[in-house]
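Engineer: Take a look at this one; I'll ask things after.
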Amino acid sequence: MACVLNTCVTLTSAQEFPQKPIHIFTTEPGGGSDFAARVVAQGLSASLGQPVIVENRGGSGVIAAMAVVKAAPDGYNLLLFGSTIWLLPFLQDDVPYDPVRDLAPITLTNRAPNILLVHPSLPVKSVRDLVALAKARPHEMNYSSGPTGSSNHLGAELLKSLANVDIVRVPYKGTALALNALIGGEVQLMFGTAAAVTPHLKSGRLRALAVTTAKPSVLMPDLPAIAATLPGYESVAQSGVFAPTGTPPALINRLNREIVQLLSRTEIKQRFFTAGTEAIGSTPEEFATAVKAEMTSMGKVIREARAREGRTP
């Protein structure tokens, strides 16, 4: 009887939730997760009748994650972040949280492919051409990327691993700087988002070869998937919402329902599409599965890349 009563109390609390403002912790202003957080915050505020405040935190994601990990598991402090959050333990040795143990998935919010780009001077028109050229010129070709662990970095490392080619990484402090390096011919290839590169494709300053989703993307329907040439290739930038571990299932389900309903609205889907990403609500279980799958696949890629750089795997 006690269990039944406790369940009733939890359900009642979920129905009465929220009774004060909700905080969504995310990356620095201007990033893809920040955009998603602001769309979700605006929609939740309207549907729940309480202010939903976006809390921007800079850095790799540790500060934002720990703000939520240390918070009370009551649904009032959430994390909306990309895959850096669950891949960071592979990239750093001192990450103070465990993404599986300390964070409770609520829903995926959006995902975006990267586009494999080359400078027009490179004599390739397809992924097959690129791989053949890289094999013929080991350690001579290079690619630009943003910070270590960014989706454009890992997308390139996955290609190197599956194609067994030796292409040199040239890292930049930001993705915009990496893109400028490609446009200027300082490097030969890069992975970039549709929103960032479309103007340069139209102007002819860059050439697109393929997308990083497992199948062609609605964002760039005319491009083939890299997986058509390299089976098993998939590398997407995806973001989602977490609560602290221990948050009652009834609250997780309430938040999931509210956010997924928001993401299913036509005007919201269009806002994401215009920003170069796809709105994709999921169940908590589907989100958890996606996180663990990427930790397995990209964890291997990161360990290999770190070993090549002479760092401790």
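Engineer: Give Ser161, Ser145, Ser151 a once-over and let me know the one that is more than 30 Å from Arg265 (Cα to Cα), polar (S, T, N, Q), within 21 Å of the chain's Cα centre (by Cα) and surrounded by 21 or more Cβ atoms within 10 Å (Cβ to Cβ).
Structural biologist: Criteria check complete, one pass: Ser145.
Engineer: Can you pull out the helices (runs of 4 or more DSSP H) entirely within segment 35-127 that have at least 1 residues that are in contact with a Gly (Cβ under 6 Å, 6 or more places away or on another chain) and closer than 23 Å to Gly146 by Cα?
Structural biologist: 84-91
Engineer: I've got another one for you. Answer yes or no as to whether Leu122 is touching a residue at least 60 places away in the same chain (Cβ under 8 Å), surrounded by 23 or more Cβ atoms within 10 Å (Cβ to Cβ) and either farther than 26 Å from Ala288 by Cα or assigned by TED's automatic domain parsing to the domain that holds Pro216 (or both).
Structural biologist: no
Engineer: Contact list please: Cβ distance under 8 Å, first residue in segment 223-236 and modelled with pLDDT under 95 and part of a strand (DSSP E or B), second residue buried (at least 19 other Cβ atoms within 10 Å of the Cβ) and among the small types (Gly, Ala, Ser), pairs at least six apart or on different chains.
Structural biologist: Every condition considered, the pairs that remain are Val236/Ala112; Val236/Ser151.
Engineer: Another question about this same structure. Starting from segment 173-189, take each residue that is among the basic types (Lys, Arg) and list its partners that are surrounded by 12 or more Cβ atoms within 10 Å (Cβ to Cβ), counting only C-beta distances under 8 angstrom and pairs at least six apart or across chains.
Structural biologist: Lys173/Gly146; Lys173/Pro147
Engineer: Can I ask one more? Looking at Pro105, Pro89, which one is in contact with a strand residue (DSSP E or B) (Cβ under 9 Å, 6 or more places away or on another chain) and crowded, with 17+ Cβ neighbours inside 10 Å?
Structural biologist: Sole residue among the options that is in contact with a strand residue (DSSP E or B) (Cβ under 9 Å, 6 or more places away or on another chain) and crowded, with 17+ Cβ neighbours inside 10 Å: Pro105.
Engineer: Of the residues Pro51, Pro96, which is surrounded by fewer than 16 Cβ atoms within 10 Å (Cβ to Cβ) and farther than 17 Å from Arg254 by Cα?
Structural biologist: After applying the criteria, what remains is Pro96.
Engineer: Of everything in segment 75-86 that's polar (S, T, N, Q) and closer than 16 Å to Ala243 by Cα, which residue is surrounded by the fewest Cβ atoms within 10 Å (Cβ to Cβ)? If you could, list the steps in order and put the result at the bottom.
Structural biologist: Going through segment 75-86, the residues polar (S, T, N, Q) turn out to be 77, 83-84.
This time we only want the ones that are closer than 16 Å to Ala243 by Cα, so: 77, 83.
Working: Asn77: 20, Ser83: 26.
Applying the filter and picking the extreme gives Asn77.
The values are calculated or read from the model by the stated rules, or taken from the named source; none is laboratory data. It should be emphasised that the depicted structure is a prediction, and the values quoted were computed from it without experimental measurement. Cβ atoms come from the backbone with ideal geometry, glycine included; neighbour counts cover every protein chain shown.
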